[in-house]
Amino acid sequence: EFEHEISRYWTYDVGDACDKPAGCGWGNKERQWYQPDNATVEDGVLKITAKFDGKYTSTRMKTQGLKSFIYGRIEARMQIPSYGGSFPAFWMLGENIEEVGWPACGEIDIMEHVNVENKTHGNIHYRPDTVDYGNNGGSSAEFDVTDYHIYRVDITPETITWYIDEEQFHQVNIKDGLNGTEEFHNPKFIILNHAVGGNWPGWDIEFEKLPASFNIDYVRVYQIDDYPVFEE
């Protein structure tokens, strides 16, 4: 809930990922250096602030190894920054990523926003049975992303469904691991990050608009019916 502090269920990725298999820029050629200091709690709101002081800094925080979820409703009430080079995201990765790698672990992007678009995107990335990489995504209708909205996915044994403020905008079928989607029936951890630049938003960054904050009021997970929700 971020009422007073960042809880013990969050940890951090640090650096520019040049020491990781995906390579520098977190696999997307992003420009920021991640550090915990750019995440603060003010008046019950988590603020992930991108800054420029000779170099770009921001925060990428996650529940990896602390809380992972199989099925359920995962939602957050958030206010998104909008500037050239902006790339905030609310997403999930399979807890087994260290063993099987990406995309075999499965990735669910609950909310991604790029630059100054008046819409957001939801996607899954995975490894199908017949090829090395699969993707299935959709985009929302246009709306004012700079206001607070509730971004959510419902994950069941049959489907993954995306919503903004109760309005559905995308759904994929994962029943019985259809088309190689069995990885979405395994535990997944949550990630919040505020990237600057990258393959998708590009590198025309409006650094003069920094600092800019990605504001998160809360992150909540609800059980759906009798499906298992989490592993600790």
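Read-outs throughout are calculated quantities, based only on the coordinates presented, and are distinct from any laboratory measurement. This is a predicted model, so every value here is computed, not measured. Virtual Cβ from ideal backbone geometry, glycine too; neighbours counted across all protein chains shown.
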Exercise. Sort segment 1-129 into rounded, prolate or oblate with this rule: let a ≥ b ≥ c be the square roots of the eigenvalues of the Cα gyration tensor; rounded if a/c is under 1.5, and if a/c is not under 1.5, prolate when a/b is larger than b/c, oblate otherwise.
Key: rounded
Exercise. Report ³J(HN,Hα) in whole Hz for each residue of segment 98-114, in order, from the Karplus equation J = 6.51 cos²θ - 1.76 cosθ + 1.60 where θ = phi - 60°; Gly and Pro get x.
Key: 5, 8, 10, x, 9, x, 4, 6, x, 9, 10, 8, 6, 8, 10, 9, 10
Practice problem: Classify segment 149-207 as rounded, prolate or oblate, taking a ≥ b ≥ c as the square roots of the eigenvalues of its Cα gyration tensor: rounded when a/c is under 1.5, otherwise prolate if a/b is larger than b/c and oblate if not. | Solution: prolate
Quiz item: Roughly speaking, what is the stretch gain from T159 to I224, that is 0.36 nm per residue apart minus the C-alpha to C-alpha distance, in nm to one decimal?
Solution: 22.2 nm
Self-check item: Surrounding net charge for A141, when Lys and Arg each add one and Asp and Glu each subtract one, Cβ distance under 9 Å
Solution: -1
Self-check item: Check: the chain dipole with +1 on Lys, Arg Cβ and -1 on Asp, Glu Cβ, in debye
Solution: 500
Quiz item: What is the gain in length, in nm to one decimal, between Y9 and Q168 on full extension, counting 0.36 nm per residue of separation less the C-alpha to C-alpha distance?
Solution: 54.4 nm
Quiz item: Quick one: net charge of N193's neighbours, Cβ under 12 Å, K/R +1, D/E -1?
Solution: -2
Exercise. Select one label from (1) 131; (2) 155; (3) 120: the one whose number is volume of the Cα convex hull per residue in Å³ as derived from the coordinates shown.
Key: (3)
Quiz item: With each pseudo-label sitting 7 Å past Cα toward Cβ, what's the N186-E142 distance in nm, one decimal?
Solution: 4.1
Self-check item: Ellipticity estimate at 222 nm from DSSP helix runs (n ≥ 4, -39,500 (n - 2.57)) divided over the chain, nearest 500
Solution: 0 deg cm²/dmol
Quiz prompt | HN-Hα J in Hz across segment 180-187 - Karplus 6.51, -1.76, 1.60, θ = phi - 60°, x for Gly and Pro | solution = x, 8, 4, 5, 7, 9, 10, x
Quiz item: Given W33, I70, F52, which one lies farthest toward the positive end of the charge dipole of segment 32-77, if we put +1 on the Cβ of every Lys and Arg and -1 on the Cβ of every Asp and Glu?
Solution: I70
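Can you tally the net charge around G177? Count Lys and Arg as +1, Asp and Glu as -1, for every other residue whose Cβ sits under 12 Å from the Cβ of G177.
With Lys, Arg at +1 and Asp, Glu at -1, the neighbours total -3.
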Self-check item: Over 23 Å (Cα to Cα) - which of K29/K51; K188/K209; K119/K188; K20/K209 fall in this group
Solution: K188/K209; K119/K188; K20/K209
Exercise. Report the relative contact order of segment 13-159, percent, no decimals, based on alpha-carbon pairs under 8 angstrom and at least 6 residues apart.
Key: 19
Quiz item: So what J values fall out for segment 166-176 if you push phi through Karplus, 6.51 cos²θ - 1.76 cosθ + 1.60 with θ = phi - 60°, rounded to Hz, Gly and Pro as x?
Solution: 6, 9, 6, 10, 6, 8, 10, 9, 10, 4, 6
Quiz item: Going by a ≥ b ≥ c, the root eigenvalues of the Cα gyration tensor, does segment 112-180 fall in the rounded group (a/c under 1.5), the prolate group (a/b larger than b/c) or the oblate group?
Solution: oblate
Exercise. In nm, give the distance between the simple-model label positions of L178 and E206, each being 7 Å from the Cα along the Cα-to-Cβ direction.
Key: 4.0
